[in-house]
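Take a look at the structure below.
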Amino acid sequence: MNCEAARECIVLAAYGELPDDQAHQLEQHLSGCEDCREEMEAVAGMQKAMSALPVSDPTPSLLARTRVRLDEALDAMPRSSIFARRWQSFRRGAGRLASAPMMASALLLLGAGAGGWGGYRLGRKVVTPKHPALIAKSPAPAVPILAQLDSTQIARVSSVMQEPGTQELEVRFDRVVPETVFGTVEDPQIRRLLVAAAWDRADPRAHANSVDVLAQECRSGRECANGPVRNVLMVALRYDRSAAVREKALEGLQPYIGEDIRVRDAVLEALLNDPDPDIRTEAIGLLSPVEADSSVREVLQTVANQDDNPYIRTVSREFLEQVSQQIQ
C-alpha cells in the first residue's frame with residue numbers, strides 16, 4: 001500500500017469502517033511511514049474531539065428543507081425511460097443473485113419475473129388515466145389514482161413527465177401523512193411538538209392549546225427554565241391575535257418577571273400597547289416584583305396620564321402611590 005491509498009483508508013479506519021484486509025495493509029504501511037502515522041494520529045484526535053461535542057437533534061424545519069432540496073436535486077437529474085429503468089433494476093437484481101446456487105437463482109428469478117409482470121399489469125390498471133383513446137385499446141377500465149386520494153393528503157406535486165410518443169404520464173407527489181404520539185409534558189419530544197405548535201398559527205385550536213399547556217408548566221415552575229418555552233410565550237404575548245392566548249401567555253410569564261429582564265419588558269409592552277383592557281389591567285398587577293424599577297415607574301406614569309381606559313389610569317396612579325410610599 002502506497003501513501004495515497006493509505007490516506008484514503010485513514011479516515012475509514014478512524015471511524016471503524018475499514019475492512020479487515022485493508023486494515024492489515026494499513027498497519028503494515030504505518031509501521032514504516034512517519035508522515036502517514038502523523039496524519040492517522042491527527043485524524044484520530046479530531047474524531048475523538050468531535051465525538052465529545054454534544055449532538056443536537058435537527059429541527060423539523062431543517063428536516064423539511066432538506067427533504068425539499070433532495071427532491072429538487074433528484075428532479076433535476078436526467079431521467080431515463082421507464083423500460084430502461086426496469087432493465088437496470090432487473091440487471092441489479094440478477095447481479096445480486098450471481099453468487100447464489102443455480103436452483104435458488106432460477107427460482108428467485110422466476111418469482112421476480114412473475115411478480116414484476118403482475119405488478120406492471122396492476123400498475124397500469126391503477127395509474128393509467130381515463131382517456132377515451134386508451135380505453136379503446138385496453139380491455140379493462142382504468143381508475144385514476146388521484147380519485148383515491150383526498151386533496152388534503154397531497155403536500156405538493158414535484159414533477160410531471162410524459163413518455164415521448166405515448167400518453168403515459170409520471171406524476172410524482174408528496175403525501176401528508178399525519179402521525180400521533182402520546183406522552184407527558186416532561187417528554188422532550190412532546191415538549192418540542194408543543195413549542196412547534198405554539199409557533200405555528202395554521203391551526204388556531206392546536207396553537208391555543210399548546211400555549212395554554214406551556215403556560216401552565218411555566219406557572220407551576222416546571223420545565224420553563226429553557227429559552228424556547230419562554231420565547232414562544234413572549235412572542236404570543238406581544239403578537240398573537242387572540243386575547244385569550246395573550247392572557248394565557250401573560251399568566252405563564254408571571255413567575256419570571258423579577259428574574260428575566262426580557263419578560264419584564266414584554267409585560268411592559270403589553271401594558272402600553274395591548275388592545276384588551278383586561279390584559280393591561282392584569283399586567284399592572286404582575287409588576288409588583290419590579291415595582292422599584294425606574295423603567296416600570298416611567299411606563300406606569302405614561303399609562304396613568306394617557307391610557308384611554310379610566311379604570312386603568314386610576315389603577316396605575318394607585319400603584320405609583322404605593323410605590324412612592326414604600327420608597328419613602
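In the stretch 188-327, a dipole from Cβ-located charges (positive for Lys and Arg, negative for Asp and Glu) runs towards its positive end, and of 211, 254, 300 it is 211 whose Cα lies farthest in that direction.
Each Lys and Arg adds +1 at its Cβ and each Asp and Glu adds -1 at its Cβ; summed about the Cα centre, the stretch 3-50 shows a dipole of about 180 debye. Take every pair of alpha-carbon atoms less than 8 Å apart whose residues are at least six positions apart; their mean separation over the length of the stretch 3-50 yields a relative contact order of 47 percent. Fewest neighbouring Cβ atoms within 10 Å first, the residues 193, 271 line up as 193, 271.
Computed packing ranks the peptides 23-29, 170-176, 234-240 as 234-240, 23-29, 170-176, most packed first, by mean other Cβ atoms within 10 Å.
Calculated FRET efficiency, residue 269 to residue 48, Cβ-Cβ distance, R0 = 41 Å: about 0.30 to the nearest 0.05. Over all directions, the projected convex hull of the C-alpha atoms in the stretch 176-253 averages 5.0 nm² in area. Length, then width, then depth: along the principal axes, the Cα atoms of the stretch 188-327 run 49, 28, 18 Å.
Coordinate-derived values only; no laboratory data. A quick note: this is a predicted structure, and the numbers were derived from the prediction, not measured. Here the Cβ is made from the backbone with ideal geometry for all residues, glycine too, and neighbour counts use every protein chain on show.
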